[in-house]
Structure formats: structure tokens, C-alpha cells
1. Sort 18-25, 187-194 by packing, meaning the average of other beta carbons within 10 Å per residue, with the highest value first.
2. For Cα Rg over 2.2 N^0.38 Å, which listed value, (i) 0.93; (ii) 1.02; (iii) 1.69, comes from the coordinates shown?
3. Just check region 154-258 against the gyration tensor rule for me: Cα atoms, a ≥ b ≥ c as the square roots of the eigenvalues, rounded for a/c under 1.5, and otherwise prolate or oblate depending on whether a/b exceeds b/c.
4. What is the set of long-range amide H partners of Phe53 at a cut-off below 5 Å, with H atoms built 1.01 Å from backbone N?
5. Compute the projected area of the convex hull of the Cα atoms of region 25-156, averaged over all viewing directions, and report it in nm² to one decimal place.
6. Return the inverse of the average 1/r over all pairs of distinct C-alpha atoms in region 112-164, which is the Kirkwood hydrodynamic radius, in Å to one decimal.
7. Of the peptides 242-251, 67-76, how do they stack up when ordered by the mean number of other Cβ atoms within 10 Å, highest first?
8. Strictly over 20 Å apart at the Cα level, which of Lys10/Lys147; Lys234/Lys281; Lys71/Lys147; Lys10/Lys71; Lys179/Lys231 would you flag in this model?
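We did not get these values from a lab; they are worked out from the coordinates using the rules stated. From a predicted model like this one, the values you see are computed outputs, not experimental measurements. Because the Cβ atoms are built from the backbone with ideal geometry, glycine has one as well, and the counts that use them run over all protein chains shown.
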Amino acid sequence: MKLSVVLATKNEEANIKDCLLSVRGIADEIIVVDEYSTDKTPEIARMMGAKVFKNKHINNFHESKQLAIEKARGDWILQLDADERVSPDLSREIVEVINLVDKEIISRRPDDKNKWKLFKRHENALRRRGGMTAGKGDVAGFFIPRKNYFLGKPLIHGGVYPDAVIRLVKKNKAYLPAKNVHEQMVVKGKVAWLFSDLEHFESPTLRRYLMRLNRYTSEHAKDISASGVGKNYKNLLSYTFLKPGLTFVKMYFRHRGYKDGLRGFVWCVFSSFHYPLAFYKHWINEG
């Protein structure tokens with residue numbers, strides 16, 4: 001079964017080599033759709049054996065990700081971000097599952113029963129939040145647990161792990177709607193689980209985290225505007241105090257973010273700031 005690894009990139013010269021090195025042993029082809037990087041991202045990708053295509057950013061970065069998916073020729077497609085790394089354990093598991101029949105895939109379970117319960121709770125929460133359906137037919141995609149590194153170490157608590165993402169899918173069986181940057185793939189079939197972690201080096205420094213926070217809150221502001229949220233003092237108070245307050249309490253206390261020490265506290269604080277920042281941008285841009 002041929003495996004295509006696909007990415008969308010823009011100015012990722014610091015990440016792209018390590019990302020592609022992590023899949024060199026399992027990828028039959030690598031597709032990179034680059035949004036006209038001004039650094040050496042395309043050159044490094046070509047040096048690593050990738051086929052590089054250009055695409056202009058219009059509405060959403062997922063449009064370029066979807067184009068990369070469409071250009072893939074493998075029977076299975078692994079979609080990655082440049083700041084992610086496929087661990088050796090995950091590499092071996094991917095090679096294993098794409099050669100299994102449906103019955104064997106569905107019967108798989110991790111050795112740790114508590115881990116399986118955590119994964120299923122996370123999946124159910126995603127379905128409630130995003131309207132995902134159970135899916136019918138054969139297995140056409142896989143959730144991959146993602147371990148997020150923040151300021152040099154992985155975050156395990158605060159509701160961050162397993163941060164499940166649908167990334168391994170059958171060709172012509174999944175797509176990205178490209179409506180927002182945090183959406184899951186729509187899969188035409190059942191979605192099973194992989195048990196090994198995808199390593200995500202999203203925020204190695206506070207500066208990079210704040211840059212991403214700025215981008216994500218801008219995207220969220222667009223969603224707020226599109227949903228017709230009014231510019232009034234009731235919503236101002238809600239987005240300034242109620243939503244961030246509940247978010248912090250939920251992440252730091254209910255999901256025990258305090259167990260990640262100072263990094264956990266900083267993560268929970270800035271995660272709660274997401275709501276007021278997005279609403280303020282909505283208020284100003286729509287004013």
C-alpha cells in the first residue's frame with residue numbers, strides 16, 4: 001500500500017527538514033504545497049525529495065492542505081504540519097495498520113486500558129463539539145494522538161492530551177472543508193485510532209506561541225463576525241470575563257493543568273486570553 005505524505009507550508013525553513021526526515025523511511029512520495037515562502041522552505045523540501053507546488057493564500061491555510069491531499073497518489077495519505085514529527089513508534093504503527101484488513105483494525109486496542117478510555121472520551125467530545133458522525137462502511141481514517149511541546153517540554157494535562165487529529169486517511173475518502181484552522185477532516189467511512197504519539201513542536205518559544213496566538217485569534221474573530229455575534233456590552237462582558245474565566249477553571253483545575261507546573265499555568269492563562277482577543281478584533285474590524 002503506497003503512502004503519500006502531504007504538507008502545506010509557508011516560511012518553515014526551521015522545521016521542514018526535521019519533519020520530512022521523520023517520514024523518510026515510510027513515505028512513497030512527499031507532496032508540499034507552499035504558499036510562496038520568502039525563505040528556503042521550498043528548496044529544502046526539494047532537497048529532501050518532495051514534489052513542491054505553489055499556491056496563493058486566499059481565505060484559509062486549509063485550502064493549501066486540501067490541494068496537497070488532492071495531488072497525492074498513494075493509497076493512504078498522511079497529512080502533516082511542518083512543526084510535527086512522526087516518532088519511530090508511530091512510523092511502525094502506520095506501516096502496520098495500512099496493511100491490515102478492516103476487522104483487524106477495529107479490534108486493535110492499546111495495552112493501557114485507561115489510555116483507551118481517555119482516547120474515547122476525547123473522541124466523543126470532538127464529535128459533540130464539531131458535529132462529527134460515527135461513520136459507516138470500512139475504516140477510512142485514523143485519529144492520531146498528538147503530544148504538544150510547549151517551552152521545551154510536552155504538556156500532558158489541562159485537557160491538552162491526546163489532542164486527537166485525523167491525519168491518516170484513504171485516498172478519495174476524506175477532505176478538509178477549509179472553513180477554519182482547527183477543523184477535523186471529513187471522512188467518508190469509519191475513523192479508528194492509532195496509539196503512538198505524533199510530536200508537535202508548535203511553541204518552542206514564548207515568542208512563537210504569541211505569533212500563533214495572534215493568527216488564531218484573527219481567524220476566530222472572522223468566525224465570530226460570520227456567526228453574527230453582536231457588538232454589545234453583554235457580549236463584551238461575556239468574552240472578556242465569563243468565557244476566559246470558565247476556560248481557565250476548566251483547564252487548570254478540572255483537567256489538572258497545574259500538574260504541568262509553571263508551563264501549565266502559562267498555557268491555561270493564554271488559552272483563556274484567546275476569547276477576549278478574538279472578540280476585540282471582531283469589534284474593531286467590524287466597527
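1. Values: 18-25: 17.4, 187-194: 19.8.
The peptides rank, most packed first, as 187-194, 18-25.
2. (ii)
3. It is oblate, given that a/c is not under 1.5 and a/b is not larger than b/c.
4. Placed amide hydrogens put Val32, Val33, Asp34 under 5 Å from Phe53.
5. Its average projected convex-hull area is 10.7 nm².
6. Final number for the Kirkwood radius of region 112-164 is 12.6 Å.
7. On the way: 242-251: 16.4, 67-76: 18.8.
Top to bottom by mean Cβ count within 10 Å: 67-76, 242-251.
8. Details: Lys10/Lys147 22 Å; Lys234/Lys281 16 Å; Lys71/Lys147 28 Å; Lys10/Lys71 18 Å; Lys179/Lys231 23 Å.
Over 20 Å apart, Cα to Cα: Lys10/Lys147; Lys71/Lys147; Lys179/Lys231.
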